[in-house]
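Each reported figure results from applying straightforward, stated rules to the coordinates on display, with no laboratory input. The structure displayed is predicted, hence computed values, not measured ones. Methodologically, a virtual Cβ is constructed for each residue, glycine included, from the backbone with ideal geometry; neighbour enumeration extends over all protein chains shown.
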Amino acid sequence: MRQELNIDVQTQRASLVRRGRFLEYFTIGYNSLEGLIAVAAGLIAGSIALVGFGFDSLIEVTSGVALLWRLHADVDEDRRERVEAISLRIVGVCFVALALYVTTESIESLLRHEAPKESLVGIILAAVSLVVMPLLVKAKRKVARGINSGALMADSKQTELCTYLSAILLAGLLLNALLGWWWADPIAALVMVPIIVKEGIEALRGETCCDDPCH
């Protein structure tokens with residue numbers, strides 16, 4: 001009976017791991033495409049905000065690759081814990097890189113009085129991300145709790161932060177276009193920096209948890 005229960009648990013875990021891999025492949029594919037579109041649209045429109053958004057997508061791709069490595073190592077119980085810890089720290093470094101990008105771009109925009117440029121492609125891209133990313137966050141967290149992976153939970157936080165950045169980009173583009181509030185985008189982005197840094201430090205320390213109250 002115990003052996004059958006063990007097999008059921010292992011089968012369920014294997015199913016969750018496969019789902020997690022699919023989510024990370026999707027993350028890598030989506031963010032690669034998003035990054036290319038954002039950079040191209042940003043260069044055409046002369047928008048640093050859009051080019052920076054493309055850089056953020058590349059950070060998400062890096063995190064996704066780290067998580068794929070973690071999930072492929074799940075079958076090996078001896079390696080699982082070590083790979084989990086390394087992956088969590090890679091995600092933490094990505095958080096720090098994201099915080100540096102947001103801070104640098106926001107301060108430069110404020111100093112230059114640089115308004116987000118109007119870009120229909122940018123608006124559509126940000127709007128699509130606002131729909132896709134929350135669904136991805138929910139799916140990743142379900143898998144993370146099922147396999148008790150702090151690395152995957154941290155990755156889901158990064159995806160959630162990218163949702164906020166999409167909202168900030170969209171709001172900045174719209175507020176500037178409709179009301180001329182050029183400063184709305186960099187100010188809103190700077191508000192996010194302490195949250196991003198906190199998550200990065202926790203991931204680097206391996207303090208990320210998988211419980212519902214924490215997330």
Tell me the mean residue ellipticity at 222 nm calculated for the chain from its helices only (DSSP H runs of n ≥ 4, each -39500 (n - 2.57), averaged over every residue, nearest 500). -31000 deg cm²/dmol
Could you check which residue among L178, L36, L50 shows the biggest mean-square fluctuation in a GNM of the chain with a 10 Å Cα cutoff? L178
Rounded to whole Å, give me the distance from the Cα center of the stretch 103-143 to that of the stretch 16-65. 11 Å
Dipole of the chain (Lys/Arg Cβ +1, Asp/Glu Cβ -1, origin at the Cα centre): which of I123, A189, L23 lies farthest to the positive side? L23
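Dipole of the chain, Cα-centred, from +1 at each Lys and Arg C-beta and -1 at each Asp and Glu C-beta, to the nearest 20 debye?
So the magnitude is around 340 debye.
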Run the quick spin-label model on V93 and A14: label points 7 Å from Cα toward the beta carbon, then report their separation in nm to one decimal. 3.3 nm
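How many lysine pairs does the chain hold where the Cα atoms are under 25 Å apart and the two sit 8 or more places apart or on different chains? Mind dumping the intermediate values first?
Details: K138/K157; K138/K198; K140/K157; K140/K198; K142/K157; K142/K198; K157/K198.
For the chain, qualifying lysine pairs total 7.
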Show log10 I(q)/I(0) for the chain at q = 0.09, 0.12, 0.17, 0.19 Å⁻¹, two decimals, from a solvent-free Debye sum over equal Cα scatterers. -0.37, -0.62, -1.09, -1.29
